[in-house]
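K.L.:
Before I ask anything, let me first share the structure, which is written out below as structure tokens.
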Amino acid sequence: MSPVSPTQNSLTANVLDRNDRLKTRMRRLRSSPVLRGMVRETHIRLEKLIYPLFIVEGKGIRKPISSMPGVHQQSIDEMLREVESIAESGLRSVILFGIPEKKDPEATGAWHADGIVQRATTEIKKRFPEMLVVADTCLCEYMSHGHCGVVEDGRILNDPSVDILARAAVSQARAGADVIAPSDMMDGRVAAIRHALDASGFADIPIMAYSAKYASGFYGPFREAAESAPQFGDRSSYQMDPPNSREALREIELDIEEGADIVMVKPALAYLDIISKARELTNLPIAAYNVSGEYSMVKAAAANGWIDERRVVLECLTGIFRAGADIIITYHAPDVAAWLR
Ligand code: PBG
């Protein structure tokens, strides 16, 4: 046999290598639905989903939100019917957003015992005591100017806003809320809310803090739903700058120090890296908000027949869980409940 040239030699080595490598065949475990199910790492469970509701004053009102197909502003009576149906479908938790009849510069509707979210909470807990009610604690829906804090000379003041938020949280707890979820992004609000809750006999009520909440274009449809668009400027002096990730970890660390029980990243899909970094940072449960714009984009593409809605929604939620979230707030929850039945 003639001696092999160096080139031939490396070619032979390559072939052997490839044969060797084929001893490991990743496709073996993908060969049947049962095997795929057995090795599946991430699951969607209904008890991990929170469904947002938008509540308005009045009776018999169920007004579609045009930018969020399938989502409505509802009066308390209509909302109770929806809660009944989602409870039947297996969902366990809702988060409430209120649209008050009157907005003012003190956000009275946010902390008043007779506020729309307070009354809605009491009604839900009366009829469906098992349903976990999360109260979104913020001022934007109740402020005439639409900002998440007190405004003076065009600036959003931190500390006076925190006082009102703490007051709102206590009144939500008094109405029966199971979890308080501050979404305003003022500094020090978690500590202030924890202190106020403890001082009012609500030491057992957990705080789910919107810790890393970005100033995002994905909130567009929500502002139609909650009628909470700022009347001047934007939210970038309090919500986070989208390019930053180390800052998100600082926000999360601070909220934990201040007493948060659950930390949140929001939005979800453009911020999966933040969810995954948060997962490495803390052992606290992590929530992710699959926000209005994320929902509406999927709905619009599905309505056009461009994507398979069920597949895409389940893939999005799976991605958020896989990134490290324990809990997802999503408008898709009722559809998911119907699909997973
Ligand atoms: C209130 C609040 C917002 C959302 C949740 N709570 C809007 C905002 O910050 O402008 C957004 C939710 C969504 O887009 O689905 N501060």
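K.L.:
For the subset of region 188-231 comprising residues that are in a loop (DSSP other than H, G, I, E, B), in contact with a helix residue (DSSP H, G or I) (Cβ under 9 Å, 6 or more places away or on another chain) and within 15 Å of the ligand (Cβ to nearest atom), which member is most open to solvent (accessible area, probe 1.4 Å)?
P.N.:
Only one residue tops the list, namely A229.
K.L.:
If A270 satisfies every condition in (1) surrounded by 16 or more Cβ atoms within 10 Å (Cβ to Cβ); (2) over 20 Å from I65 (Cβ atoms); (3) within 15 Å of the ligand (Cβ to nearest atom) but one, which is the exception?
P.N.:
All conditions are met except number (1).
K.L.:
Answer with yes or no whether V151 is assigned to a helix (DSSP H, G or I) and crowded, with 18+ Cβ neighbours inside 10 Å. Steps first, answer last, please.
P.N.:
On the way: assigned to a helix (DSSP H, G or I): no; crowded, with 18+ Cβ neighbours inside 10 Å: yes.
So V151 does not fit the description; no.
K.L.:
I would also like to ask the following. May I ask you to list the residues in region 293-334 that are open to solvent by 40 Å² or more (accessible area, probe 1.4 Å) and either within 14 Å of the ligand (Cβ to nearest atom) or under 17 Å from G90 (Cβ atoms) (or both)?
P.N.:
M297, R310
K.L.:
Also, quick follow-up: Can you list the helices (runs of 4 or more DSSP H) found entirely within region 1-108 that contain at least 2 residues being open to solvent by less than 90 Å² (accessible area, probe 1.4 Å) and at pLDDT below 95? So that I can check it myself, show each step before the final result.
P.N.:
On the way: elements: 6-21, 33-39, 76-88.
Result: 6-21.
K.L.:
Okay, moving on. Scan (1) among the hydroxyl-bearing types (S, T, Y); (2) more than 15 Å from the ligand (Cβ to nearest atom); (3) crowded, with 22+ Cβ neighbours inside 10 Å for the single condition S245 breaks and write down its number.
P.N.:
Of everything listed in (1) among the hydroxyl-bearing types (S, T, Y); (2) more than 15 Å from the ligand (Cβ to nearest atom); (3) crowded, with 22+ Cβ neighbours inside 10 Å, S245 misses just condition (3).
K.L.:
Could you check region 133-148 and list, in sequence order, the residues that are away from the ligand (no atom under 14 Å from the Cβ), among the polar types (S, T, N, Q) and assigned to a strand (DSSP E or B)? Write out each step before concluding.
P.N.:
In the first step, residues of region 133-148 are kept if they are away from the ligand (no atom under 14 Å from the Cβ); the result is 133, 144.
Next, only the ones that are among the polar types (S, T, N, Q) stay: 144.
Result: no residue meets the conditions.
K.L.:
Here is a further query. Could you grab me the full set of residues in region 166-187 that are open to solvent by 30 Å² or more (accessible area, probe 1.4 Å) and either more than 16 Å from the ligand (Cβ to nearest atom) or of a type in the set (V, I, T) (or both)? Don't jump to the end; show me each part of the working.
P.N.:
Step one: of region 166-187, the residues open to solvent by 30 Å² or more (accessible area, probe 1.4 Å) are 167, 174, 178, 187.
R167, R174, D178, listed by residue number.
K.L.:
I'm told E251 meets every condition in (1) within 13 Å of the ligand (Cβ to nearest atom); (2) crowded, with 16+ Cβ neighbours inside 10 Å; (3) not in a loop (DSSP other than H, G, I, E, B) except one. Can you identify the failing condition by its number?
P.N.:
Of everything listed in (1) within 13 Å of the ligand (Cβ to nearest atom); (2) crowded, with 16+ Cβ neighbours inside 10 Å; (3) not in a loop (DSSP other than H, G, I, E, B), E251 misses just condition (1).
K.L.:
Can you tell which of A135, A120, A107, A87 is on the phi > 0 side of the Ramachandran plot and in contact (Cβ under 8 Å) with a residue 40 or more places away in the chain?
P.N.:
On the way: A135 fails: on the phi > 0 side of the Ramachandran plot; A120 fails: on the phi > 0 side of the Ramachandran plot; A87 fails: on the phi > 0 side of the Ramachandran plot.
Going through A135, A120, A107, A87 in turn, the sole match is A107.
The values are calculated or read from the model by the stated rules, or taken from the named source; none is laboratory data. Source: prediction; values computed, not measured. Glycine also receives a Cβ, built like all others from the backbone with ideal geometry; neighbour counts cover every protein chain displayed. Ligands, DNA and RNA are excluded from the accessible area calculation, which covers all protein heavy atoms including side chains. Shrake-Rupley method; radii C 1.70, N 1.55, O 1.52, S 1.80 Å.
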